[in-house]
Amino acid sequence: QLAPPAATGLVALNSDFSVTSLSILSMAGGLLHADCVDSATGSTGSSSKTISGNTQLPSQPQRGGAVVIVDADNGALTFVDPVQCKITRQIAIPGGAKTDPLDLVILSDTKAYVTRYTKNLAASDPALAGNDIVVMNPVSGARIGQIGLDAYASVVSGATILVRPDRAIIANGKVVVSLNEIDAGYAHYGEGKIVVVDPATDQVVASVALTGLYDCQGMDYVAATKTLLVSCGGAFGSQNQPLESGIAVVDLGASPP
């Protein structure tokens with residue numbers, strides 16, 4: 001059954017949205033590399049930054065043992081060898097920075113999912129527009145396909161809600177993706193939601209509305225009880241934000257969840 005690899009160490013991604021650096025620690029928390037790579041590394045003969053200041057780590061460890069930095073502003077994946085403390089490769093994400101990629105799940109040596117949070121309204125090719133999950137080769141960067149999620153957008157009067165796929169994890173043999181559900185102007189929110197994707201078919205096989213909760217993002221999974229936990233911060237700026245925030249508990253062992 002599909003499952004994330006076991007963790008072999010800890011990593012700290014340090015960023016102030018201007019400068020990014022990576023620190024490697026042991027499982028016990030001991031510092032191994034204080035500054036493994038940073039945004040000032042730069043490529044030879046170029047003034048461009050190798051890593052931008054807008055980066056995230058995948059929600060889970062990835063196949064192959066590399067530390068992978070999801071770089072939204074560069075629209076790229078940066079693979080770092082945690083032992084040698086160096087970048088081994090960088091690949092462009094289809095659609096690039098204008099789709100605001102946020103998370104990664106490597107399913108095999110030739111297939112990965114990347115959540116593309118933003119819809120690029122100027123994209124002439126729908127395959128590069130985002131607001132979906134792009135299926136790509138994690139070595140070559142070649143686009144394999146995409147998983148559209150528009151059907152799961154919340155209906156809100158007076159607004160067009162974008163699903164905004166955010167975080168993604170392997171759970172119960174499938175890939176679960178949290179949907180942030182906010183309009184293009186970040187003024188109106190829909191209720192939070194998760195979708196469950198079967199990586200064998202690249203199809204959504206279930207969705208769960210997180211009723212009463214908004215701005216839902218981070219997830220964790222308890223395999224022993226097949227329980228998914230989803231953190232929701234509430235609609236930003238809302239007078240009811242405390243009441244709209246919380247941790248949703250989803251039973252992935254049930255059918256449907």
Give region 118-143 a look and list any residue that's surrounded by fewer than 21 Cβ atoms within 10 Å (Cβ to Cβ) and closer than 24 Å to Val80 by Cβ, or say none.
Val135, Asn137, Val139, Ser140, Gly141, Ala142, Arg143
Members of region 144-163 found to be within 30 Å of Gly212 (Cβ to Cβ) and surrounded by fewer than 18 Cβ atoms within 10 Å (Cβ to Cβ), listed by number
Gly148, Asp150, Ala151, Val155, Val156, Ser157, Gly158, Ala159, Thr160
Is one or more of the residues making up region 127-147 closer than 18 Å to Cys216 by Cβ, aliphatic (A, V, I, L, M), modelled with pLDDT of 95 or more and in contact with a helix residue (DSSP H, G or I) (Cβ under 7 Å, 6 or more places away or on another chain)?
no
Take residues that are of a type in the set (Lys, Arg) and tell me which of the strands (runs of 3 or more DSSP E) falling wholly in region 81-162 contain 3 or more.
111-119
Check region 65-76 and report whether any residue there is open to solvent by 40 Å² or more (accessible area, probe 1.4 Å), within 23 Å of Met219 (Cβ to Cβ) and not hydrophobic (A, V, I, L, M, F, W, C).
yes
Taking into account only those residues within region 180-204 that are under 19 Å from the mean Cα position of the chain (by Cα) and within 22 Å of Arg143 (Cα to Cα), which is most open to solvent (accessible area, probe 1.4 Å)?
Gln203
Which of the residues that make up region 168-179 are open to solvent by less than 30 Å² (accessible area, probe 1.4 Å) and touching a Gly at 6+ places or on another chain (Cβ under 8 Å)?
Ser178, Leu179
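The values are calculated or read from the model by the stated rules, or taken from the named source; none is laboratory data. Predicted model, so just to flag it, every value in this text is computed and none were measured. Cβ: placed from backbone, ideal geometry, glycine included. Neighbour counts: every protein chain shown. Keep in mind that these areas ignore ligands, DNA and RNA; they rest on the heavy atoms of the full protein, side chains included. Shrake-Rupley method; radii C 1.70, N 1.55, O 1.52, S 1.80 Å.
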